[in-house]
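The structure appears below as C-alpha cells.
The values are calculated or read from the model by the stated rules, or taken from the named source; none is laboratory data. Since the model is a prediction, treat every value here as computed from it, not as a measurement. Backbone-built Cβ (ideal geometry, glycine too); neighbour counts: all protein chains shown.
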Amino acid sequence: MVIILFVLLAAAVVVAIGLVTIGRITGELVDAAPTSIYDLDEAITFVADRLPDEVTAQLSFDDVRALLAWHLEYLEDRGVARRQGVDDLAAGPLVAAEDDAVAYVLGRAGEAGLEVADVWVVQVLDADGAYLEAIGAIGPQLSMPPDPDLD
C-alpha cells in the first residue's frame, strides 16, 4: 500500500513539474517577437515581379540579387536585421531611414562597378519593403511625437 501511494505521489510531482515547465515556456514564447525568415531567392522573385517593365529590361536577376544583398547589409548594420541563429534582440523600436538605405545601396553598387539608376534602386528597395511586410518582418509605421516647438 505504501509503495502504491509513493508511486502515485511521484507521478503527481512529475506531472506538476511538467505542467509548470510547459506553462513557463509557453508564456515566454507568447512574449517573444515572431521570427520572420528572409529568403533571398524568394525575395528576388517577389521584387522582380513588382518592378516596371522598363526596369526589368535593364536589371538582371543577378543585379537584383546584389541590390537586395546590399540592402540586407544596410539593415544588419542598422541593427534592424540579423543573421539566422543570432538571438541578440535590441530593445525598443528600430528605425532605418529609406534615404540612407538608397544611398548605401548606391554606394555599394558604385564600389562594385554596377551601373544602376537611382530610381531603379528606389523601386527595388520599395518592392523589397513590400516583401518584408509580406513576410511579417516590418511592423506598423510609428507616428512621430508632436514637435514641442509647434505647440
The residue from L75, L94, L89, L106 that alone is surrounded by 10 or more Cβ atoms within 10 Å (Cβ to Cβ), modelled with pLDDT of 90 or more and in the same structural domain as L125 (by TED's automatic domain parsing) is L106
Condition test on A81, is it modelled with pLDDT of 90 or more and surrounded by 10 or more Cβ atoms within 10 Å (Cβ to Cβ)? no
